[in-house]
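The values are calculated or read from the model by the stated rules, or taken from the named source; none is laboratory data. Since this is a predicted model, take the numbers as computed values, not measurements. Don't worry about glycine lacking a Cβ; one is built from the backbone with ideal geometry, like all the others, and counts go over all protein chains shown.
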Amino acid sequence: MPLRALLAAGMVALAAAGCASQGTVSAQTGPGATGSAALASAFGPASSAASASSTDTGSVSGSPSGSASTSDQDSSSVTSSDTDSPAAPASTSSPTTNAPMYKLTDTVTEGGFKLKINSIQLPWNPPAGSQFTPAPARAWLLMDFQVTNVSGQQSMFDTIGAFDLRDNTNASHLTSIVPGDTLPAAKKFEDQEVAPGATVGGEVVFDVPANGAPFRLIFSGNMWHASQTPPVISLSK
């Protein structure tokens, strides 16, 4: 008999545990228990969590009555602000403020070199039979120039570092290799070391917008020795 009593007690305990795991063990709920509290008491933790989740979702889409809803609205506000903010404009560097402006016929000195522009051709067309031509809505600007080394020491003259041509939108254009290759060998300027007091010159070509005039040239000479306010030359005749 003691063994049968133990088995009976075990069966009762297992039955009670099974009912509790299924949420059928009733808990005492007071008469004033309502809403999610009553659901938690009647149906157990799993149903309470689902109810809480449903409540949170409703408060996000509805009025900001709870802290979770307020947090979500704040996050939404930040995202909206970022989306509505205008994108930053594309950056184009501009000539230094208060940089001196010169005429096309002026001779200017900067970065250890003195520059004289002999002529400008716009548009300039390559020789007949050339395999290169300007792209649609583009034009080639030819500049014939000479520079003199006034630094007192041998110095490199590099056209890409020395010449910064700007159009009417302030976009920057450097000397172009492709049209430059169409120039006669005797005219094409090659970057080179220049002895003190020596003068060298030739022609370079810029690939620019066909409607980009008026153009201006920022001259830096040897860029490693240029000032913060390099001279600006108007290329208008």
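Looking across the range 174-196, just one residue is touching a residue at least 12 places away in the same chain (Cβ under 8 Å), of a type in the set (G, A, S) and surrounded by fewer than 13 Cβ atoms within 10 Å (Cβ to Cβ), and that is A195. When Q153 is tested against (1) exposed (fewer than 13 other Cβ atoms within 10 Å of the Cβ); (2) without any contact (Cβ under 8 Å) to a residue 40 or more places away in the chain; (3) not hydroxyl-bearing (S, T, Y), exactly one condition is not met: (2).
Restricted to the range 176-233, the set of strands (runs of 3 or more DSSP E) holding at least 1 residues that are on the phi > 0 side of the Ramachandran plot comprises 199-209.
Residues that are within 17 Å of P231 (Cα to Cα), out of contact with any Pro (no Cβ under 6 Å at 6 or more places or on another chain) and of a type outside the set (A, V, I, L, M, F, W, C) within the range 134-150 comprise Q146, T148, listed in sequence order.
The residue that is farthest from G201 (Cα to Cα), among those in the range 149-175 that are among the small types (G, A, S) and part of a loop (DSSP other than H, G, I, E, B), is A171. Among the conditions (1) modelled with pLDDT of 95 or more; (2) closer than 18 Å to I120 by Cα; (3) not aliphatic (A, V, I, L, M), S155 misses just one, which is (2). Of all the residues that make up the range 136-175, how many are more than 32 Å from the chain's Cα centre (by Cα) and at positive phi? The number of residues fulfilling the criteria is 1.
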